[in-house]
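**Student:** The following block contains the structure, expressed as structure tokens.
The values are calculated or read from the model by the stated rules, or taken from the named source; none is laboratory data. Owing to the predicted nature of the structure, the values given are computational and were not obtained by experimental measurement. Because the Cβ atoms are built from the backbone with ideal geometry, glycine has one as well, and the counts that use them run over all protein chains shown. Accessible surface is based on the protein model in full, side chains and every heavy atom, while ligands, DNA and RNA are left aside. Shrake-Rupley method; radii C 1.70, N 1.55, O 1.52, S 1.80 Å.
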Amino acid sequence: MLHRINIQTKSRVEFQDITLQVKNAVAKSSLKSGICHVVTLHTTSAITVNENADPDVVKDMIDELNSLVPQHSLYRHREGNSPAHIKASIIGNSASLIVEDGTLLLGTWQGIFFCEFDGPRNRTVLVKVISDSP
Ligand code: ZN
């Protein structure tokens, strides 16, 4: 089963908590036990799993990524969004999560984030759930 999550971002760089949308996709799949893959289809966005309790964690992550990869440097890419491509590859384009007894297993403080690095844009995230039963 493949589920699409449509995301509208509002800033050039932002993280959106998509945990609820992913949980809803797992619920619709009726999967009891298996793996849930969450994948962004874009080269300037990423998926990460991290703390969603304190919003300052996301702010710190964004600030440090911006420090690591400055907006202006001697980039060659003519489109002008090399920092977004680099940040996307640092974080990665997907997350794999375990589903057991129909529940997406996340730690108490964990949430799933869509990471925008070249917004604002309309984005698509795919959720693919794979059963471990034949
Ligand atoms: Zn580009």
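**Student:** Where the convex hull is taken over the Cα atoms of the chain, what is its projected area averaged over directions, in nm²?
**Tutor:** If I average the Cα hull's projected area over directions, I get 8.5 nm².
**Student:** Another question, if that's okay. What is the percent carbon and sulfur in the accessible area of the chain, measuring with a 1.4 Å probe over the protein chains and ignoring ligands?
**Tutor:** 51
**Student:** Sorted by accessible area with a 1.4 angstrom probe, largest first, how do Val49, Val38 fall?
**Tutor:** Val49, Val38
**Student:** With each pseudo-label sitting 7 Å past Cα toward Cβ, what's the Ser96-His72 distance in nm, one decimal?
**Tutor:** In this crude label model, Ser96 to His72 measures out at 4.2 nm.
**Student:** Quick one: compute the contact order of the range 2-131, relative version, from alpha carbon pairs under 8 angstrom and 6+ residues apart, as a percent.
**Tutor:** Relative CO of the range 2-131 lands at 55 percent.
**Student:** Another question, if that's okay. Roughly how many Å² is the accessible area per residue of the chain, as a whole number, for a 1.4 Å probe? It would help to have the intermediate numbers written out before the result.
**Tutor:** Working: 7660 Å² over 134 residues.
It amounts to 57 Å² per residue over the chain.
**Student:** How far is helix 82-91 tilted off the main Cα axis of the chain, in degrees rounded to 10, range 0 to 90?
**Tutor:** Orientation of helix 82-91: about 30 degrees from the principal axis.
**Student:** How large is the helix-only mean residue ellipticity at 222 nm for the chain, computed as the sum of -39500 (n - 2.57) over DSSP H runs with n ≥ 4, divided by its residue count, in deg cm²/dmol to the nearest 500? Can you show the working numbers first?
**Tutor:** Details: 3 runs with 35 residues, N = 134.
Here the helix-only value at 222 nm equals -8000 deg cm²/dmol.
**Student:** For every other residue with a beta carbon closer than 12 angstrom to the beta carbon of Asn6, add +1 if it is Lys or Arg and -1 if Asp or Glu, then tell me the sum. Please report the intermediate quantities before stating the final value.
**Tutor:** Working: positive: Arg4, Arg121, Arg123; negative: none.
Local net charge: +3.
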